[in-house]
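**Student:** Have a look at the structure that comes next, please.
The values are calculated or read from the model by the stated rules, or taken from the named source; none is laboratory data. Please read all numbers here as calculations on a predicted model, not as lab measurements. No Cβ is skipped: glycine too gets one built from the backbone with ideal geometry, and neighbour counts run over all protein chains shown. Heads up: the accessible areas ignore ligands, DNA and RNA and are worked out on the full protein's heavy atoms, side chains in. Shrake-Rupley method; radii C 1.70, N 1.55, O 1.52, S 1.80 Å.
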Amino acid sequence: MNSPDNKKSILVLKDISLSFKGVKAITDISFNVYEGEICSVIGPNGAGKSSMLNVINGVYIPQEGTISFDGKEFTKMKPHSAAVMGIGRTFQNIALFSGMSVLDNIMSGRNLMMKANFWEHALNIGRAEKEELEHRQAVEEIIEFLGLQSIRKTPVASLAYGLQKRVELGRALAAKPKMLLLDEPMAGMTMEEKLDMSCFIQEINRNYGTTIVLIEHDMGVVMDISDHVVVLDYGKKIGDGAPDEVMNNQDVIDAYLGVSH
Amino acid sequence: MFYREAGKLVGSFGKDRRMLPLLEDRWLAVLFVAFMYFVVTAIASDYMFTAILIPIMVLGVATLGLNIAVGYTGQLSLGTAGFMCFGAFSAFNLILRIDWMTIPLAFFLSGMIAGGVGIIFGLPSLRIKGFYLIVSTLAAQFFAEWVFNAYPWFLNYTSSGVVSLPMHHYRVFPGQENTPFNAAFWYSSQGRYLVTLTVTILLVLACKNLVRSNTGRNWMAVRDMDIAAKVIGIPVAKTKLMAFFISTFYCGVAGAMYCYCYIGNLDFMIFNLRRSFLVMFMVIVGGLGSILGSFLGAIFVYAWPILITRGSDFIFGGGAIDTAFIENNSKIVVGTIIIVLLIREPGGFAALWSSSKQKLRVWPFAQ
Ligand SMILES: Nc1ncnc2c1ncn2[C@@H]1O[C@H](COP(=O)(O)OP(=O)(O)OP(=O)(O)O)[C@@H](O)[C@H]1O
Ligand SMILES: [Mg+2]
């Protein structure tokens, strides 16, 4: 699935460099993500993985380089236009709307599809009620898929960590994204929760054809579910290819064994 | 409690989305509204209308307005009284200068005008947050106090700075003069009470609709985590400005009602910074992000000092103790109660209400 010649790229990153006040987080990184694949981005702490996702959906603006998504090229991506084009996202530190219920969090994932204006909302006329019920139907399917039925009205702040991660996935999924960026969706989970989460990710990928870009530290999971692995270290790309290929790469082995640079 | 959610199944998403999902709650709401319209209108005294019921509703609407900005959208503001002032002056000038203007339309338009002002003073929120935003909303307060003082046209060149609102201003519907419901009725405390009650109910319903819609979710998303809101496609800037617009719309209508329904005259001096703080206080005591809380806050902060004063008059006999002494003491008592409440329940009265409801749900079994 990873061979560049027979697969269409959905995301092309070209020569991306990003620094914070002179501190380089990403140096000259290029790679492609192919349509319909699960691409894992791995690397030691501080390698620049999260920064890379932030560049892809416009949270950080790289000093150099271009991003093409779905055939459109950008030097500056904006979070809003990334969302409009179909890039969904979860965060390393859960970024749920803590004062809202599970249902409302996931419903908010569909905000781009809701067209009613605030007058219609205030009077509950026109498109307001109809839209709300239609989207509720779609959101209930996600709730069922993720097994969140019993907690749909619970405020997310009171949920366990693993469940919060699941709700965040649900919120991203609600927008029906073409590509999902998942920043360590399994970090800090129990073995069982990890297994559930990797099943969800694979099912989303298979059933909806959603391209997945995943940051993950657990090598077992990465080897298991990825079609394609990109390895970063100190802001540079040191490996890119099929999982087994990458794992036999000497640079990658060195980086993971902590050989000094 | 006599009724609970348990065993009450809803068969459709529409039913699940109701404002009050429980049948018993809906009946209570209907009974309460009917009571307010028919029983209270018939039996309450003038004192009750003008000193208790009307001001509580008016301040409750202002509190609800501020709560939309602060509690639902997380944008701190201390311009409330300034926005109320814009509403009050807009209503007065609309009714004064346009022959066919009626009170309901003037209230609506004054909300719109105040809302427009709110958008302007809300613009800094696109760049700054928290305490810094408070400072820029203070500008709205000082601007209002300055502009209505500097341009006497707004006060119709009244030299004293206070205009009392004449009876013929109370045009609730066109052609009112030829009906039994003439101006004298609407000028009476019953009439003003009915206007206030109706406007309040409509605004509460609209707010309830907003917060259970996409607009309300966007507000809360911006409040809770604006970066995540942006990433899922919520237009953060538009959401903030819309919250400011709707928030100041409510404050503007409250300002118009404050003059027309409560005190019966127009005066920019009453919309001072102290009143902004008072409304902020009501929001905090009532509970951030709660409609019910907005009114509980207004009731508590406004009405308790009155109740304590009247209560001590009743016990010790009116005039036996110096009124100023009682008033100051009642402030101390209320202040203490509020501090204790906020330490025990930072969510204010709204949280207290829902946690006691939760306790009653399982009563008499262990919690
Ligand atoms: N907003 C920021 N401001 C300043 N420096 C930043 C910022 N975000 C990231 N960095 C720096 O960029 C580098 C890469 O960080 P990044 O969060 O992308 O690493 P990561 O690979 O996701 O690490 P981890 O596995 O710990 O999540 C780090 O040195 C970090 O300190
Ligand atoms: Mg990271």
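**Student:** Tell me, what is the FRET efficiency for B:Lys238 and A:Ala242 to the nearest 0.05, using R0 = 30 angstrom and their Cβ-Cβ distance as r? Don't jump to the answer; show the numbers that get you there.
**Tutor:** Values: r = 44 Å, r/R0 = 1.48.
About 0.10, to the nearest 0.05.
**Student:** Could you pull the accessible area for A:Glu245 with a 1.4 Å probe, rounded to 10 Å²?
**Tutor:** 110
**Student:** Per residue, how many Å² of accessible area does the range A:1-139 show with a 1.4 Å probe?
**Tutor:** Computed with neighbouring chains in place, this is 42 Å² per residue.
**Student:** At most 11 other Cβ atoms within 10 Å and a DSSP loop assignment: could you name the chymotrypsin sites (Phe, Trp or Tyr not before Pro) in the range B:55-125 that fit?
**Tutor:** Here the sparse-neighbourhood loop sites are B:Trp100.
**Student:** Which of the chymotrypsin sites (Phe, Trp or Tyr not before Pro) found in the range A:1-65 are loop residues per DSSP with 15 or fewer other Cβ atoms within 10 Å of their Cβ?
**Tutor:** Counting only loop positions with at most 15 other Cβ atoms within 10 Å, none of the chymotrypsin sites (Phe, Trp or Tyr not before Pro) in the range A:1-65 qualifies.
**Student:** Continuing with this model, one more query. What is the distance, in nm, between label points placed 7 Å from the Cα along the Cα-to-Cβ direction at B:Ile306 and at B:Phe38?
**Tutor:** So the two model labels end up 2.6 nm from each other.
**Student:** Also: Treating the beta-carbon of each Lys and Arg as +1 and of each Asp and Glu as -1, no other charges, what is the dipole magnitude of the range B:44-362 about its Cα centre, to the nearest 20 debye?
**Tutor:** The dipole of the range B:44-362 has a size of about 1120 debye.
**Student:** Now, a different point. Scan the range B:1-109 for trypsin sites (Lys or Arg not before Pro) in coil per DSSP, keeping those whose Cβ has at most 14 other Cβ atoms within 10 Å, and list them by number.
**Tutor:** Taking the range B:1-109 and a limit of 14 other Cβ atoms within 10 Å, the loop trypsin sites (Lys or Arg not before Pro) found are B:Arg4, B:Lys8, B:Arg18.
**Student:** Connecting C-alpha atoms closer than 10 Å in a GNM of chain B, tell me which of B:Ala351, B:Ala256, B:Ala91 has the biggest fluctuation.
**Tutor:** B:Ala351
**Student:** Near B:Lys240, which aspartates and glutamates are there with a Cα under 15 Å away, not counting those fewer than 8 places off in the same chain?
**Tutor:** The qualifying aspartates and glutamates are B:Asp224, B:Asp226.
**Student:** Per residue, how much accessible area does chain B have with a 1.4 Å probe, in Å²?
**Tutor:** The answer is 47 Å² per residue.
**Student:** Another one. Rounded, prolate or oblate, given the Cα gyration tensor of chain B, with a/c below 1.5 counting as rounded?
**Tutor:** Rounded, because the longest to shortest axis ratio a/c is under 1.5.
**Student:** Let me ask another. At what distance in angstrom do the alpha carbon centres of the range B:116-186 and the range A:26-71 lie from each other?
**Tutor:** Measuring centre to centre over Cα atoms gives 53 Å.
**Student:** Say we join alpha carbon atoms closer than 10 Å with springs in a Gaussian network model of chain B; which of B:Ile201, B:Ile332, B:Ile234 then has the biggest fluctuation?
**Tutor:** Ranking B:Ile201, B:Ile332, B:Ile234 by mean-square fluctuation puts B:Ile332 first.
**Student:** Taking R0 as 25 Å, what FRET efficiency do you get between B:Ile332 and B:Leu352 from their Cβ-Cβ distance, rounded to the nearest 0.05?
**Tutor:** Details: r = 21 Å, r/R0 = 0.85.
With a Förster radius of 25 Å, E is 0.70.
**Student:** Can you give the calculated 222 nm mean residue ellipticity of chain A, where each DSSP H run of n ≥ 4 adds -39,500 (n - 2.57) and the sum is split over every residue, rounded to the nearest 500 deg cm²/dmol?
**Tutor:** Theoretical 222 nm ellipticity from helices: -11000 deg cm²/dmol.
**Student:** Please state the shape class of the range A:100-176: rounded when a/c is under 1.5, otherwise prolate if a/b exceeds b/c and oblate if not, all from the C-alpha gyration tensor.
**Tutor:** prolate
**Student:** List the equivalent ellipsoid semi-axes of the protein assembly as shown in whole Å, largest first, each obtained as the square root of 5λ for an eigenvalue λ of the Cα gyration tensor.
**Tutor:** On the way: eigenvalues 604, 142, 104 Å².
Equivalent ellipsoid of the protein assembly as shown: 55, 27, 23 Å, largest first.
**Student:** Continuing with the same structure: Just to be sure I understand: of the beta bridges DSSP finds with both ends in the protein assembly as shown, what percent are antiparallel, rounded to 5? Provide the component values of the computation, followed by the final result.
**Tutor:** Values: 25 of 42 bridges.
Of all bridge pairs located within the protein assembly as shown, approximately 60 percent are antiparallel.
**Student:** Here is a follow-up. Which of A:Thr190, B:Met112, B:Phe131 sits closest to the plus end of the dipole of the protein assembly as shown, meaning its Cα is farthest towards the positive end, when Lys and Arg get +1 and Asp and Glu get -1 on the C-beta?
**Tutor:** B:Met112
**Student:** Would you mind calculating the relative contact order of the range B:44-362 from Cα pairs under 8 angstrom and at least 6 residues apart, reporting the percent as a whole number? Let's see the in-between values first.
**Tutor:** Details: 488 pairs, mean separation 105.9, N = 319.
Relative contact order of the range B:44-362: 33 percent.
**Student:** Using Cα pairs under 8 angstrom and six or more residues apart, how large is the relative contact order of chain A, in percent?
**Tutor:** The normalised contact order for chain A reaches 27 percent.
**Student:** Please give, to one decimal in nm, the separation of the simple spin-label points placed at A:Thr66 and B:Phe314, each 7 Å out from Cα toward the Cβ.
**Tutor:** 7.9
**Student:** Just the number, please: buried accessible area between B and A, total of both chains, 1.4 angstrom probe, nearest 100 square angstrom. Write out the running numbers ahead of the final one.
**Tutor:** Values: alone 18610 and 12730 Å², together 28480 Å².
Summing both sides, the interface buries roughly 2900 Å².
**Student:** Can I ask one more? For the range B:142-286, compute Rg over Rh where Rg is the Cα radius of gyration and Rh is the Kirkwood radius from the inverse mean 1/r over Cα pairs.
**Tutor:** 1.06
**Student:** Still on this structure, please answer the following. Counting only protein chains, not ligands or nucleic acids, how are A:Ser81, B:Ser330 ordered by accessible area (probe 1.4 Å), most first? Can you show the working numbers first?
**Tutor:** On the way: A:Ser81 40, B:Ser330 0 Å².
Result, largest first: A:Ser81, B:Ser330.
**Student:** Roughly to the nearest percent, how much of the accessible area of the protein assembly as shown is carbon and sulfur, given a 1.4 Å probe?
**Tutor:** 63
**Student:** List, in the order given, every pair from A:Lys49/A:Lys237; A:Lys78/B:Lys129; B:Lys208/B:Lys359; A:Lys8/A:Lys236 whose Cα-Cα distance in the structure shown is over 18 Å.
**Tutor:** Too far apart for the 18 Å limit: A:Lys78/B:Lys129; B:Lys208/B:Lys359; A:Lys8/A:Lys236.
**Student:** Next question, about the same structure. With N residues in chain A, what two-decimal value do you get for its Cα radius of gyration over 2.2 N^0.38 Å? Don't jump to the answer; show the numbers that get you there.
**Tutor:** Numbers: Rg = 19.0 Å, N = 261, 2.2 N^0.38 = 18.2 Å.
Rounded to two decimals, the normalised Rg is 1.04.
**Student:** Next up: What spacing in nm lies between the two simple spin-label points modelled at B:Asp99 and B:Ile201, each 7 Å away from Cα in the Cβ direction?
**Tutor:** 3.4
**Student:** Figure the gain on full extension for B:Ile128 and B:Met167 (residue separation times 0.36 nm, minus the Cα-Cα span) and round it to one decimal in nm.
**Tutor:** 9.5 nm
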